[in-house]
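Step one of this worksheet: look at the structure below.
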Amino acid sequence: MAKTFGWLVLLERHGFVNWSLCHLGVLAGPAHMLFTSGAVLCGMVHALLPIFVLAVVPVMESIDNQFSKAAETLGASPGTRFWEIYFPLTAPGFMSGFLLVFVSASSFFIVPELLGSPSQTMLSQMIITEVLQLLNWRFAAALSVILIVCVGVTYSVLTMIGRSLFPHDRYAGSKALRGHGRSLLGRVGKVFNPLLLLIDKNKGVETCLHMLSRWGVIVFLILPLLVLLPISLTRSDFLGWPPQFLSFRWYTHIIRSPVWIGAIERSLSVAFFSGCLATVLGACAAMGIVRSRTSVAGLLLSVLLLPLVLPRITVAVALYQFLTPLGLVGTDMGLTLGHTLIALPYCVVTLVGVFKLYDRQFEQAAATLGAGWTARFFHVVLPQLRPGLIAAFLFAFAISFDELTIAMFVSGGVKTTLPKLMWDNAVLAVDPTLAAASTTLVLGMGALVTIATVLTSSSRRKTGSS
């Protein structure tokens, strides 16, 4: 939500981009950038790029550079080395990243709603309209099923093609497809070979391209967030660039508003209980998965990770239909259960790695010395797992606090969460109050994720050294 609002500030008629281009003489007047396909594309790429990077980087780091050096020794050109050696080795990571991005993008509605026009309406927006405005549950359920089927079919087809073209086992997959893939990559390598040879011979050009690509991505990711702080300190009643410094009136408005304070308190409360519940359930599941020696562990992990694969909007619709007969819609308990379902996969993934590094010999040694189950748990097991458990809790807390899709269906209309209140204000009337709330949200989530990352790394180092 905060990132999308940052793009709204950047691309509006009197925003940062138009102001900069006009002052540089590139444009004679403000250009129409908002409510276009380009604006929606920028917002979606900005939101999904970190997911793709997280999927690709581990695969790239695991590749042995000796393969490329051996090919170079045998006379392979840079294009051949990249497209026929390095790219096939990274293809599983690229395929995983693409599939994760595809699934996440299929349920986007915030970006097209705020940055697009009716011409950029997505299926998730139609589902929300049918449920929240027209109360046509049957049609919304049908659209949800269509979305799940389309995503599932596309996911399966792309997975099969990727495994056939770039299998982990050289005997797996279709030989015909592998042959076509190798031939295509060879032709692509020949096309790019002159450019890669030129870059390879000019180290200065190569260094410059590396710096431009690295800093270009960094600027692209942080610029929408950096503009929020100046806008939140403006004295003006409207969004515009440059802001009229310096005023804390919008932060004061949030502090003095019972609606904003109530939304913040509810978000903190729900996030805390969701984090606790997701951490406990994730710890139990992770321990069972790691210690199990049967195929049930893999099935359990697949089921627990299912909310990551399903479009978020379909999960929200299913939750609403499940919680309505129980009378939990509009209650903190219903919202906590929904957020726990979304946060649980992240806790499981975090804790599985922690439990794999946990050495059970310490526990066995304590049992040999006569320590009871309670003493072993609190004095041996818990101290080793504490950093990982805290990290999992912080991840779940951050995910719950920033969650909007579930809140739109489950929170109810009277009491709402902070992201839901921000969404309502963005749809009805955009003012600098949203910039102040977004800045607070970004800083808080950034601090929590940083702490969780440090604790996870610390836990792995301590457990590994033990």
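Scanning the stretch 123-135 for residues that are free of Cβ contacts under 8 Å to residues at least 24 places away in the same chain and either surrounded by 14 or more Cβ atoms within 10 Å (Cβ to Cβ) or hydrophobic (A, V, I, L, M, F, W, C) (or both) returns Gln125, Met126, Thr129, Glu130, Leu134, Leu135. Scanning the stretch 329-337 for any residue that is within 30 Å of Ser96 (Cβ to Cβ) and not aromatic (Phe, Trp, Tyr) turns up at least one such residue. Of all the residues in the stretch 18-43, those that are closer than 15 Å to Leu223 by Cα and surrounded by fewer than 21 Cβ atoms within 10 Å (Cβ to Cβ) number 3.
Residues in the stretch 111-122 that are in contact (Cβ under 8 Å) with a residue 60 or more places away in the chain and either outside the structural domain of Met44 (by TED's automatic domain parsing) or more than 13 Å from Trp423 (Cβ to Cβ) (or both): Pro112, Leu115, Gly116, Ser117, Ser119, Gln120. For Phe16, the requirement of being modelled with pLDDT under 85 and more than 23 Å from Ser119 (Cβ to Cβ) is not met. If you go through the stretch 386-413 and keep only what is under 16 Å from Val317 (Cα atoms) and in a helix (DSSP H, G or I), you end up with Thr405, Ile406, Ala407, Met408, Phe409, Val410. A Cβ distance below 7 Å, combined with a sequence gap of six or more or placement on separate chains, defines the contacts here; from the stretch 18-30, residues that are touching a residue at least 12 places away in the same chain (Cβ under 8 Å) reach residues that are not in a loop (DSSP other than H, G, I, E, B) in the pairs Pro30/Asn18; Pro30/Cys22. Of all the criteria given as (1) surrounded by 17 or more Cβ atoms within 10 Å (Cβ to Cβ); (2) part of a helix (DSSP H, G or I); (3) in contact (Cβ under 8 Å) with a residue 60 or more places away in the chain, the one not satisfied by Val430 is (2). Could you please let me know if Val56 is under 22 Å from Met422 (Cα atoms) and either touching a helix residue (DSSP H, G or I) at 6+ places or on another chain (Cβ under 8 Å) or not acidic (Asp, Glu) (or both)? Judged against the criteria, Val56 is not a match. Within the stretch 237-258, residues that are at pLDDT 85 or above sit with their Cβ atoms under 7 Å from residues that are among the aromatic types (Phe, Trp, Tyr), at 6+ positions apart or across chains, in these pairs: Ile254/Trp260.
Evaluation of His23 against the conditions (1) at pLDDT below 85; (2) more than 30 Å from Trp423 (Cβ to Cβ) shows that the sole unmet condition is (1).
Just for the stretch 282-326: of the residues that are assigned to a loop (DSSP other than H, G, I, E, B) and free of Cβ contacts under 8 Å to residues at least 60 places away in the same chain, which one is surrounded by the fewest Cβ atoms within 10 Å (Cβ to Cβ)? Among those that are assigned to a loop (DSSP other than H, G, I, E, B) and free of Cβ contacts under 8 Å to residues at least 60 places away in the same chain, it is Arg293.
Within the stretch 13-44, the residues that satisfy the criterion of being part of a helix (DSSP H, G or I) and either outside the structural domain of Ile110 (by TED's automatic domain parsing) or of a type in the set (Phe, Trp, Tyr) (or both) are Phe16, Trp19.
Among the residues examined, Val430 qualifies as at pLDDT below 75, over 22 Å from the mean Cα position of the chain (by Cα) and within 25 Å of Leu229 (Cβ to Cβ).
Any idea how many residues of the stretch 331-344 are buried (at least 16 other Cβ atoms within 10 Å of the Cβ) and out of contact with any Ser or Thr (no Cβ under 7 Å at 6 or more places or on another chain)? Number of matching residues: 7. For the stretch 122-163, filtered to residues that are closer than 21 Å to Ser411 by Cβ and small (Gly, Ala, Ser), the residue that is nearest to the chain's Cα centre (by Cα) is Ser124. So for the stretch 59-74 (the condition being free of Cβ contacts under 8 Å to residues at least 60 places away in the same chain and buried (at least 19 other Cβ atoms within 10 Å of the Cβ)), does at least one residue qualify? No, every residue in the stretch 59-74 fails to be free of Cβ contacts under 8 Å to residues at least 60 places away in the same chain and buried (at least 19 other Cβ atoms within 10 Å of the Cβ). Looking at Ala263, is it under 25 Å from Thr331 (Cβ atoms), aliphatic (A, V, I, L, M) and in contact with a Leu (Cβ under 7 Å, 6 or more places away or on another chain)? Yes; evaluated as a whole, the condition is true for this residue.
Rundown of residues vs (1) farther than 24 Å from Phe108 by Cα; (2) more than 29 Å from the chain's Cα centre (by Cα); (3) acidic (Asp, Glu), yes/no style:
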site: Met1; (1), (2), (3): no, no, no
site: Leu21; (1), (2), (3): yes, yes, no
site: Val26; (1), (2), (3): yes, yes, no
site: Ala39; (1), (2), (3): no, no, no
site: Glu61; (1), (2), (3): yes, no, yes
site: Ser68; (1), (2), (3): yes, yes, no
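What are the residues in the stretch 103-140 that are more than 14 Å from Ala316 (Cα to Cα) and part of a loop (DSSP other than H, G, I, E, B), if any? Correct list: Gly116, Ser117, Thr121, Met122, Gln133, Leu134, Leu135, Asn136.
The values are calculated or read from the model by the stated rules, or taken from the named source; none is laboratory data. The shown structure was predicted, so the numbers you read here are calculated from the model rather than taken from an experiment. Backbone-built Cβ (ideal geometry, glycine too); neighbour counts: all protein chains shown.
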